[in-house]
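Below: the structure, in structure tokens.
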Amino acid sequence: MIVVVDYKAGNLASVMKALVAVGADAVSTSDPEMVRGAERIILPGVGHFQATDFLCRHGLREAIGERAAAGVPFLGICVGLQWLFQGSTEAPGVAGLGIFDGLCDRFEPGQKVPHVGWNSLAVKENSRLLASLADGTFVYFTHSYRAPVSHATVAVTEYGGPFAAAVEDGNVMGVQFHPEKSGAAGLRILRNFVELPC
Amino acid sequence: MLTRRIIACLDVTGGRVVKGVQFVDLIDAGDPAELAARHAESGADEIVLLDITATHEGRGTLIDAVRRAASQIFIPFTVGGGVRALEDAASLFDAGADKISVNSAALTRPALIDEIGARFGAQAVIVAIDARRADGGADVYVNGGRTLAGRKALDWAREAEQRGAGEILLTSMDADGTRAGFDCELTAEVSAAVQIPVIASGGAGSAAHFTEVFKRGKADAALAASIFHFGIADVRALKRELAGDGIPVRLPC
């Protein structure tokens, strides 16, 4: 069973719908015990980094951290990717999970913000999440903050400079764009995730 | 590179897509879910579904159309028309909309923008502005372009941004229905006045018009409704022409 973590940020409907489209059996919940029993965990999210505070207050941060450390495939989407870093200047008082080093930060002035629309991925070859995706594939973004490029970055996108469009370190993965809104390419990525051995 | 978006707009009334010129002589053009899927398949970057009559009685039919369309498309999906309160927006998000477009109700009560943004995220709120050129700057209109709102377009766009709108959907009432091209001057003015993306609407008649509104009008996206009913076969054909003009677009799509 795939658990989609509901932390009351935006709507989960489109992620659930896309999972149905790739034939996955998913349930959404805010219950940490269900997270502990999950075969795979997806942390979606649109909105403010502050919303991830919910994860802390409801024991979800601990549950996700445990399972991710135990090797359960984890996918963070949008703010869900950002939460894997140490934090974000969007909400300085809220700590991220800190699996990846660095802070998420707002796009530099001079760019239109939010970064909305279809932008291309420069894909690294060693990604399991992005397997079979052509370099230059377009995916849909909508966000005002972005994560720094690091050793865990498996796809880079340019918008007034490079940022981490996808990260992957073993079983822990994240995408800044919205696979559930990125047409056939997005569904391919979700299928890659649900088909990972666990 | 961030591409310029082509957004296919479906005008809906009573649960059916209609086409016509400036809201008159409406003829039935099909089922919204089926047409939304077809536009997505043919390369549209987003779909907008606009309830052009937005009657209280038609709300259930609209929600049903949104639900059916949302189950078939995996690209961004915006719904507008008749969103008067947070609950209207919430029921559309529940039915599968990714973004909500607000217009008249936000002019009457601008806090509606803040409320929807606070609950569903700023990226989920599009403020639609219907504007017509006038002395001292374009005026904003409501009720399908019939009534002056008493606001200048640039001021209202700035206020919408401050209140947390994620995008502006700017329709030129002068250009709308003419098929003579977008109002590039007005679009460029609004685009320069705000930091958020601006979607140009009204006046599309040819691929060259899109090139112009992206280059001269500084639009981040352009919306087309009836153009696919005459002249240009589909979004993919339009994008190929734009790519030939040096406009970055999502291809293949």
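Taken together, the values in this text are just the output of simple stated rules run on the coordinates, not laboratory data. Source: prediction; values computed, not measured. Positions of Cβ are generated from backbone atoms using ideal geometry, with glycine treated the same way; all protein chains shown enter the neighbour counts.
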Q) Rounded to the nearest 5, what % of the DSSP beta bridges within the protein assembly as shown are antiparallel ones? A) 40 percent
Q: Translational diffusion coefficient, Stokes-Einstein: compute it for chain B using the Kirkwood radius over C-alpha pairs as Rh, at 25 °C and 0.890 mPa s, and state it as an integer in µm² s⁻¹.
A: 137 µm²/s
Q: Would you kindly give the portion of the calculated P(r) for chain A that falls above 29 Å, as a percent of all Cα pairs?
A: 13 percent
Q | 10 Å binning of all Cα-Cα separations within the range B:61-136, expressed as whole percents from 0 upward | A | 19, 49, 24, 7, 1
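Under the Kirkwood approximation applied to all pairs of distinct alpha-carbon atoms, what is the hydrodynamic radius of the range A:73-145 in Å? Please report the intermediate quantities before stating the final value.
Working: mean 1/r = 0.0722 Å⁻¹.
Result for the range A:73-145, one decimal place: 13.9 Å.
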Q) Given the options B:Arg38, B:Arg158, B:Arg146, which has the most mean-square fluctuation in a GNM of chain B, springs set between C-alpha atoms less than 10 angstrom apart? A) B:Arg146
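If each DSSP helix of 4+ residues adds -39,500 (n - 2.57) and the sum is divided by the residues in the protein assembly as shown, what number results at 222 nm, nearest 500 deg cm²/dmol?
On the way: 15 runs with 131 residues, N = 451.
When only DSSP H runs of four or more count, the value is -8000 deg cm²/dmol.
Could you work out the relative contact order of the range B:82-213, using alpha carbon pairs under 8 angstrom and six or more residues apart, expressed as a whole percent? List each step's numbers first, then the result.
Working: 255 pairs, mean separation 25.7, N = 132.
Reported relative contact order: 19 percent.
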Q) Cα-Cα over 31 Å: which of A:Lys181/B:Lys239; A:Lys112/B:Lys19; A:Lys8/B:Lys215? A) A:Lys112/B:Lys19; A:Lys8/B:Lys215
Q. Roughly how compact is the range B:122-224, stated as its Cα Rg over 2.2 N^0.38 Å to two decimals?
A. 0.97
Q: Find the relative contact order for the range B:5-244 and round it to a whole percent, using C-alpha pairs within less than 8 Å whose residues are 6+ positions apart.
A: 16 percent
Q) Dipole of chain B, Cα-centred, from +1 at each Lys and Arg C-beta and -1 at each Asp and Glu C-beta, to the nearest 20 debye? A) 300 debye
(Q) Let's see if you can work this out: charge +1 on each Lys and Arg Cβ, -1 on each Asp and Glu Cβ, no other charges. What is the dipole magnitude of the protein assembly as shown about its Cα centre, in debye to the nearest 20? (A) 260 debye
(Q) What is the ratio of the Cα radius of gyration of the protein assembly as shown to 2.2 N^0.38 Å, with N the residue count, to two decimals? (A) 0.94
Q | Equivalent ellipsoid semi-axes, the range A:1-76, via Cα gyration tensor eigenvalues times 5, rooted, Å | A | 18, 16, 9
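For Cα pairs less than 8 Å apart in space and 6+ apart in sequence, what is the mean separation divided by the residue count of the range B:139-253, i.e. the relative contact order in percent?
After rounding, I find 19 percent.
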Q | In order through the range B:246-253: 3J(HN,Hα) via Karplus (6.51 cos²θ - 1.76 cosθ + 1.60), integer Hz, x for Gly, Pro | A | x, 8, x, 9, 7, 9, x, 9
Q. GNM, chain A, Cα, under 10 Å: largest mean-square fluctuation among A:Ala69, A:Ala18, A:Ala51?
A. A:Ala69
Q | aspartates and glutamates whose Cα lies under 13 Å from that of A:Lys17, excluding same-chain neighbours fewer than 8 positions away | A | A:Asp25, A:Glu180, B:Asp94, B:Asp98
Q.
Can you find, among B:Gln162, B:Asn103, B:Ala149, the residue sitting farthest towards the positive end of the charge dipole of the range B:5-244, where Lys and Arg contribute +1 and Asp and Glu -1 at Cβ?
A. B:Gln162
